[in-house]
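The values are calculated or read from the model by the stated rules, or taken from the named source; none is laboratory data. Just so it is clear, the model here is predicted, and its values are computed rather than measured. Because the Cβ atoms are built from the backbone with ideal geometry, glycine has one as well, and the counts that use them run over all protein chains shown. Areas reflect the complete protein model, heavy atoms only, side chains present, ligands, DNA and RNA absent. Shrake-Rupley method; radii C 1.70, N 1.55, O 1.52, S 1.80 Å.
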Amino acid sequence: MRLSPEQRAMFEGVRGWPQKLAMEMLVAVGRAYDAEELIPTRSVHLVIDGTALGEPGLRLLERLVDERGQFVVPVTINAIAVDRRAASERPLTKEETAQLRLLEACAKMGCIASCSCNPFSQGFLPAFGESVSWSESATAPFVNSVLGGRTNREGATALASALTGLTPAYGMHLDAERKGGVLFEVTAPISKLHRYGLLGALIGRRCNGRVPVITGLEAPSRDELVGFSAAFAIHGSVNMFHMVGITPEAPTPEAAMGAAPYETVSIDEAAIMAEWKRTQGADRREVDIVSIGCPHASLEQISEVARIIDGRQVKRTVRFVVHTNDDVFAAAEREGLIQGLSRAGVRVTSDNCSVVSYDRLPRGAKLATNSAKMAFLASAVSGVDILYGGVDECVEAATTGRWRNLPESGG
Ligand code: F3S
């Protein structure tokens, strides 16, 4: 791999240990993917989930601080395992303290403590054609496919990019890798976030490593595109899709597709219903938990829940949580939404979620959600049974304790 004189100096440790470590990581990954060079990266989104990083991660980040590591590009932070607002009113556990030390170490190196897996709702939007290094699987498809930015699905390399402002030139940074390899013609009517989630899950699995080109969709909202991206990413390994008329590089299917021949897949209503049945894991109607906001809810989504609940009360036996980050929470509080939801029995969390949390979901609980990503993770990680539907169905389940639609009732 070609390195400029300045990059070589960093690699050899002339600029200090943090940059040497970061360069070793970037060069190793670059070589593994046959990257010819390192290119500038304009921003980083970093995952510092304490449940995953644990003590070794904390030791590394605090050593980077001690060794004068500094982030050289804007760095936002993904959801963390602590609800910072709730935690400020009670004693912290040992794990929570470690999580906040991880965040503090990043803050000392210059991060923006956004603590959100939906940075788009707060205006962190890479520009068209800009190379960035974003971790959290749900963000890469949105950056590549909706904004026309360029990022691979980063892991620890995001930290290395934050310390150097560099990323290896492979994958989504290269024009050739962004071309479509399979065409999905959607004939099913798709509207509402939960149906975009089903479609994202289905296409994420069916594209089999190829970049999908998707036709037949009309003007999804930003929240629906975020939900689609999250479901697409968690059900597959591809970091980009082309939605014709929405993706900047896809004004037409021909502009987005690579060389023919390619497979064409039709997605009709029967396919969407089959995906819905596949997502439903629960076989009884009683609901224990309702979870909205995966990725973190925007202000519009919080407002939608408040509008739908409209004075009704959450049933005493149900825990209803809406996940968002501290900034969106504050904005919702200014509009009186948090207070209204709290009176109704809805708990809005700040910075964490039902999965990224030390407070694990009870195994075997029945969890209702409108998020295909939450459905997948809560079931896989926490062993809960899923009830899947729209936000109105989730609110109804929270207030009645019962889920209306099970597969045998026809959806
Ligand atoms: Fe965010 Fe948690 Fe979902 S981190 S993407 S709300 S699993």
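Peptides 383-394, 329-340: what's the order by average Cβ count within 10 Å, highest mean first?
383-394, 329-340
I'd like the distance between the alpha-carbon centres of segment 103-146 and segment 264-292, rounded to an integer number of Å.
If we compute the Cα centre of each part, the gap is 29 Å.
When the chain is fully extended, how far beyond the present Cα-Cα distance does R68 get from D175, taking 0.36 nm per residue of separation? Let's see the in-between values first.
Working: separation 107, 0.36 × 107 = 38.52 nm, distance 3.63 nm.
Working it through step by step, the gained length comes to 34.9 nm.
Under the rule of -39500 (n - 2.57) per DSSP H run of 4 or more residues, summed and divided by the residues of the chain, what mean residue ellipticity at 222 nm is obtained, to the nearest 500 deg cm²/dmol?
After summing the helix terms and dividing by the residues of the chain, the value is -11500 deg cm²/dmol.
Per q in 0.13, 0.16, 0.23 Å⁻¹, report the Debye log10 I(q)/I(0) for segment 85-205, using one uniform scatterer on each alpha carbon and no solvent.
Calculated log10 I(q)/I(0) at the listed q: -0.71, -0.96, -1.42.
Using a cut-off of under 20 Å, list every residue of segment 213-233 whose amide N is near the label point 7 Å from the Cα of E185 along the Cα-to-beta-carbon line.
213-219
Along each principal axis of its Cα atoms, how long is segment 1-111 end to end? Whole angstroms, biggest number first, please.
Dimensions of segment 1-111 along the principal axes of its Cα atoms: 52, 26, 23 Å.
List the Cys residues of the chain that have no partner Cys with a C-beta closer than 4.7 Å.
C115, C117, C207, C294, C353, C394
Once you place label points 7 Å from the Cα toward the Cβ at R222 and S266, how far apart are they in nm?
About 3.7 nm separates the two model spin labels.
Would you mind working out the accessible area per residue for the chain, using a 1.4 Å probe, and quoting it in Å²?
41
Which of rounded, prolate or oblate describes the chain when judged by the alpha-carbon gyration tensor and an a/c cut-off of 1.5?
Oblate is the answer for the chain, as a/c is 1.5 or above yet b/c matches or exceeds a/b.
Which trypsin sites (Lys or Arg not before Pro) does segment 60-105 hold that lie in a coil by DSSP with at most 15 other beta carbons within 10 Å?
For trypsin sites (Lys or Arg not before Pro) across segment 60-105 that sit outside H, G, I, E and B with at most 15 neighbouring Cβ atoms in 10 Å, the list reads R68.
Using a 1.4 Å probe on the protein heavy atoms, what percent of the accessible area of segment 152-197 belongs to carbon and sulfur?
Looking at segment 152-197 in its full context, I get 56 percent from C and S.
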